[in-house]
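*Asks:* This is the structure, below, for whatever I ask next.
The values are calculated or read from the model by the stated rules, or taken from the named source; none is laboratory data. Please read all numbers here as calculations on a predicted model, not as lab measurements. With ideal geometry, Cβ positions are generated from the backbone for all residues, glycine too; neighbour counts draw on all protein chains shown.
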Amino acid sequence: MSDFLLELRSEEIPARMQAGARAELEKLFRREMEGAGISPSEVTVWSTPRRLALIARGLPEATQAVSEELKGPPVGAPDQALEGFCRKAGVDKADLQTRDVKGRATYFAVKNIPGRATRDLLAEAIPAIIRDFSWPKSMRWGAASISTESLRWVRPLSGIVALLGEELVECEVHGATSGWVTLGHRFHHSGDITIGSAADYAEKLRACHVIVDHEERQDLIRSGAAKVASEAGLKLVEDEGLVIENAGLTEWPVPLLGRFEEDFLEVPPETIQLTARVNQKYFVCEDDRGNLANAFICTANIEAEDGGARVVDGNRKVLAARLSDARFFWDVDRKKSLAEHAKGLERITFHEKLGTVADKVERVAKLARWLVEEGIVKPTSVRPEPVEGLSFTAESAPEEKSGASTSSARTVSELADMAEQAARLAKADLVTEMVGEFPELQGLMGGYYARAEGLPDAVAGAIRDHYKPVGQGDDVPTAPVTVALSLADKLDTLFGFFEIGELPTGSKDPFALRRAAIAVIRLVEANQVRALVSEIARSWSTDKTVGPGLQVEDFLQDRLGVMMKDAGVRYDVVQASTDLGTRLDGDVWRVRRRAAALQSFLGTEDGANLLAGYKRAANILKKEDWHGIEGEIAHTGEEDPLSQVDDPDMKAVIDAKMSDRHAKELSYEPEPAEKALMDALAKSEPAAAVAIDAEDFSGAMAALAALRAPIDRFFEEVTVNADEENKRAHRLDLLAAFRAAVHKVADFSRIEG
């Protein structure tokens, strides 16, 4: 067994491509080896800006000889079929063997494949790996680049090291010939480095100022940056993405701390951090109070003789120029109010069928006000949510200056006014210089500009946070003005795109409607917003029709099911917990709790047996086409008519008629098991209803559990389809009542099993 080393050296590989390149190299290497019948015991892949390296351990010296058999046509088949088989198998007709297959003589081709030296296999595999390598972007170079058949690589390929044990694997790709020689650090080492085997590769490079293990470089940057920050009395703002990127830019990383002018701290801290991170790949630091400090940490690729002073000074000058641009944008943008900036939204198309961004703003502003006025978003205490970097202090709050309290309860009218005002200004920062330079700051900069011009904290906070929640880990707004604006913005997007038929298909969702739906669900859950989406659509749309409301509602219900499935709740249980006549009513937290209680109940013996009893009852009723008392009044053709009746008055009529039939038509003495089920329903149904009203879903399931034994006994001892018509009708009505009682807790017809 021997270890194999492969190094592919080139000009600088972009940091963002290195992780994918490592995975691609391992995938292609394993493909080639497995195709030859070799399975390496361990494969390690490293990367630096100038090289990809792979070490495969435990390769055999040669592959084993194998014998392959290919079944051919039967004896007596046409000559053309036999000749075709011989060509495919690569054998002569005289070499074929015949064997009995199910009583019929059949031709077989037997091929004896001798073992091959692994070094020869690798010599063929390396060019194949390089030719098949997939890069996000690649190039051709040199004189051969005039041909489209020439090699493409991320940057010009300059060298190959290929060693099996201590022996060279000879190969050549596009003028690069394999050898024992590689190069060290571009500045710290000149001349060739001779590699003896995979065993000394990493240490020989380390001696020449190249740390080939990318994870080791990441650890050095992570710990080194924290160390230089601590030595300056500061705390590093951790940024794992920046750690990985700097490791991809250096072969010998040396973190260095520098300072910039304190005047730049007048600019919003997110702007400084983004400027340092995106433009210069620098870390930033905080002081002991958690405020952004006038310090940055750059990662040098050399160990400078002066301790890095010149490197730091050069980086400071570059950063100062970038920060000067940011301060210029900040100053210029504040010369106009957000309302003035908002006029520029008329020039930006939101969608060709939905108008401009200004048109969207108008819709969202009216919807945000309506959500408050209709009581969907309630005027609780208005408190701007503290977010790092955008601090609203009592000393500077305009409400405090005027004698009002920022935490005092608002009236519906005041809250509606603020929601509309925030909506009309929320997109204004899209036309500012700062957001034009840093699109990632949209919303956040609007909050800063609103605060700078003295708008209420609740309005500024809503502008800042109205895009939230963006991802699964993002905070969910709870301040009423923000909730109204965020909901309005996302619902307008959903209604608009569904109305014009731009729906997600498969994995394609160009307008991020799935993300918007998940955000709506998280908002209504966190804030206990209770309103039918279809009701919002019906009341809000211009023609006062449902429009896309039901489509959006179904879409939200589907997203909720996916979210809960990801959380470990069965999809059929989610469906059983939502489709209860009221559909998805916005009480997402109710659906979650009901589904959790239902799944837990179904996992018990009582739950499993009750489900079996329900299925049996439902099948009997379906076979008999029996809808019960409720079917006489409100049958809609659905399997469960009662689930379609959500009018309390109608349910009262149904209950009265059921009692009347029992009182007048029960002209026989019920059997004990029949009477036991009647008594159990009389107790369980009201108990379950009370529990549901109190949103005690576990209690509702417990009430249903009391029906398990009576329904089992009923099916064991009672003949449903009795010869007497009055007995048959009553017993079918009893099963219909049992089904209806279960459906008031959950739609068991949707549960599998």
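*Asks:* For the stretch 38-68, give me each residue that is of a type in the set (G, A, S), farther than 24 Å from R155 by Cβ and surrounded by 13 or more Cβ atoms within 10 Å (Cβ to Cβ).
*Replies:* Across the stretch 38-68, the qualifying residues are A56, G58, A62.
*Asks:* For the stretch 91-107, which positions are of a type in the set (A, V, I, L, M, F, W, C) and part of a helix (DSSP H, G or I)?
*Replies:* If the condition is that a residue be of a type in the set (A, V, I, L, M, F, W, C) and part of a helix (DSSP H, G or I), then A94 is the only one that fits.
*Asks:* Where residues in the stretch 515-561 are of a type in the set (A, V, I, L, M, F, W, C) and assigned to a loop (DSSP other than H, G, I, E, B), which of them is modelled with the lowest pLDDT?
*Replies:* V546
*Asks:* Kindly indicate whether G258 is part of a loop (DSSP other than H, G, I, E, B) and under 21 Å from D313 (Cα atoms).
*Replies:* No.
*Asks:* Let me ask something else about it. Which one of the conditions (1) basic (K, R); (2) modelled with pLDDT of 95 or more; (3) closer than 28 Å to G447 by Cα does R222 fail to meet, given that it meets all the rest?
*Replies:* With (1) basic (K, R); (2) modelled with pLDDT of 95 or more; (3) closer than 28 Å to G447 by Cα applied to R222, the lone miss is (3).
*Asks:* Right, here's the next one. In this structure, is V110 touching a residue at least 24 places away in the same chain (Cβ under 8 Å), in a strand (DSSP E or B) and crowded, with 19+ Cβ neighbours inside 10 Å?
*Replies:* Taking the combined requirement at face value, the residue does not satisfy it.
*Asks:* While we're here: How do the pairs read when you match residues in the stretch 368-382 that are under 22 Å from A426 (Cα atoms) and among the polar types (S, T, N, Q) with residues anywhere that are at pLDDT 90 or above and not in a loop (DSSP other than H, G, I, E, B), using Cβ under 6 Å and keeping only pairs 6 or more apart or on different chains?
*Replies:* Correct list of pairs: T380/P480.
*Asks:* Continuing with this model, one more query. Does the stretch 721-753 hold any residues that are over 22 Å from K683 (Cα atoms) and not in a helix (DSSP H, G or I), and which are they?
*Replies:* Of everything in the stretch 721-753, those that are over 22 Å from K683 (Cα atoms) and not in a helix (DSSP H, G or I) turn out to be N721, A722, D723, E724, I751, E752, G753.
*Asks:* Then there's this: List the pairs whose first member sits in the stretch 143-157 and is more than 15 Å from A176 (Cβ to Cβ), whose second member is part of a loop (DSSP other than H, G, I, E, B), and whose Cβ atoms are under 9 Å apart, counting only residues at least 6 apart or on separate chains?
*Replies:* I146/R140; S147/R140; T148/R140
One line per residue, one yes/no per condition, for (1) within 22 Å of G454 (Cα to Cα); (2) in contact with a Phe, Trp or Tyr (Cβ under 8 Å, 6 or more places away or on another chain); (3) modelled with pLDDT under 95; (4) surrounded by 19 or more Cβ atoms within 10 Å (Cβ to Cβ):
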| site | (1), (2), (3), (4) |
| --- | --- |
| P384 | yes, yes, yes, yes |
| V387 | yes, no, yes, no |
| S405 | yes, no, yes, no |
| A428 | yes, yes, no, yes |
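*Asks:* I would also like to ask the following. Scan the stretch 241-258 and give yes if some residue there is out of contact with any helix residue (DSSP H, G or I) (no Cβ under 7 Å at 6 or more places or on another chain) and under 23 Å from A452 (Cβ atoms), otherwise no.
*Replies:* no
*Asks:* If you take the residues of the stretch 232-255 that are in contact with a strand residue (DSSP E or B) (Cβ under 7 Å, 6 or more places away or on another chain) and in a helix (DSSP H, G or I), which of them is surrounded by the fewest Cβ atoms within 10 Å (Cβ to Cβ)?
*Replies:* In this case the residue turns out to be L242.
*Asks:* Which condition does I272 not pass, out of (1) touching a residue at least 24 places away in the same chain (Cβ under 8 Å); (2) more than 13 Å from A320 (Cβ to Cβ); (3) in a helix (DSSP H, G or I), if it passes all the others?
*Replies:* Of (1) touching a residue at least 24 places away in the same chain (Cβ under 8 Å); (2) more than 13 Å from A320 (Cβ to Cβ); (3) in a helix (DSSP H, G or I), only one is false for I272: (2).
Condition check ((1) at positive phi; (2) at pLDDT below 95; (3) outside any strand (DSSP E or B)) across all residues:
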site: I129; (1), (2), (3): no, no, yes
site: A144; (1), (2), (3): no, yes, yes
site: E149; (1), (2), (3): no, yes, yes
site: L163; (1), (2), (3): no, no, no
site: H188; (1), (2), (3): no, yes, yes
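*Asks:* Ok, one more. Filter the stretch 268-292 for residues that are β-branched (V, I, T) and buried (at least 19 other Cβ atoms within 10 Å of the Cβ) and give the result.
*Replies:* T271, I272, T275, V284
Here's the yes/no breakdown for (1) surrounded by fewer than 20 Cβ atoms within 10 Å (Cβ to Cβ); (2) at pLDDT below 90; (3) out of contact with any Asp or Glu (no Cβ under 7 Å at 6 or more places or on another chain):
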residue	(1), (2), (3)
V690	yes, no, yes
A706	yes, no, yes
T719	yes, no, yes
D723	yes, yes, yes
L735	no, no, yes
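*Asks:* Can you give me the number of residues within the stretch 458-511 that are touching a residue at least 12 places away in the same chain (Cβ under 8 Å) and either out of contact with any helix residue (DSSP H, G or I) (no Cβ under 9 Å at 6 or more places or on another chain) or part of a helix (DSSP H, G or I) (or both)?
*Replies:* 29
*Asks:* Go through the stretch 140-155 residue by residue and tally those that are closer than 30 Å to E34 by Cβ and either touching a helix residue (DSSP H, G or I) at 6+ places or on another chain (Cβ under 6 Å) or of a type outside the set (D, E, K, R) (or both).
*Replies:* 4
*Asks:* May I pose another question? Being part of a helix (DSSP H, G or I) and over 20 Å from K137 (Cα atoms) is the filter here, so list the residues in the stretch 1-54 that pass it.
*Replies:* F29, R30, R31, E32, M33, E34, G35
*Asks:* Can we say S178 is surrounded by 13 or more Cβ atoms within 10 Å (Cβ to Cβ), at negative phi, in a loop (DSSP other than H, G, I, E, B) and out of contact with any Gly (no Cβ under 6 Å at 6 or more places or on another chain)?
*Replies:* Spelling it out, it is not the case that S178 is surrounded by 13 or more Cβ atoms within 10 Å (Cβ to Cβ), at negative phi, in a loop (DSSP other than H, G, I, E, B) and out of contact with any Gly (no Cβ under 6 Å at 6 or more places or on another chain).
*Asks:* Six or more apart or on different chains, Cβ atoms under 8 Å: show the pairs whose first residue is in the stretch 346-359 and among the hydrophobic types (A, V, I, L, M, F, W, C) and whose second is surrounded by 15 or more Cβ atoms within 10 Å (Cβ to Cβ) and not in a helix (DSSP H, G or I).
*Replies:* I348/T356; F350/T356; V357/F350; V357/K427
*Asks:* Within the stretch 700-714, is there a residue that is within 30 Å of Y571 (Cβ to Cβ), aromatic (F, W, Y) and touching a residue at least 12 places away in the same chain (Cβ under 8 Å)?
*Replies:* No, the stretch 700-714 has no match at all.
*Asks:* Keeping to the stretch 184-231, report how many residues are closer than 16 Å to C285 by Cα, in contact (Cβ under 8 Å) with a residue 24 or more places away in the chain and surrounded by 16 or more Cβ atoms within 10 Å (Cβ to Cβ).
*Replies:* Qualifying residue count for the region: 5.
*Asks:* Count, please, the residues in the stretch 469-489 that happen to be at pLDDT 95 or above and either at positive phi or of a type in the set (D, E, K, R) (or both).
*Replies:* Adding up the residues that qualify gives 1.
*Asks:* Can you name the condition, by its number, that L598 falls short on among (1) of a type outside the set (D, E, K, R); (2) in contact with a Lys or Arg (Cβ under 6 Å, 6 or more places away or on another chain); (3) within 27 Å of L732 (Cα to Cα); (4) at pLDDT 85 or above?
*Replies:* Every listed condition holds for L598 apart from (2).
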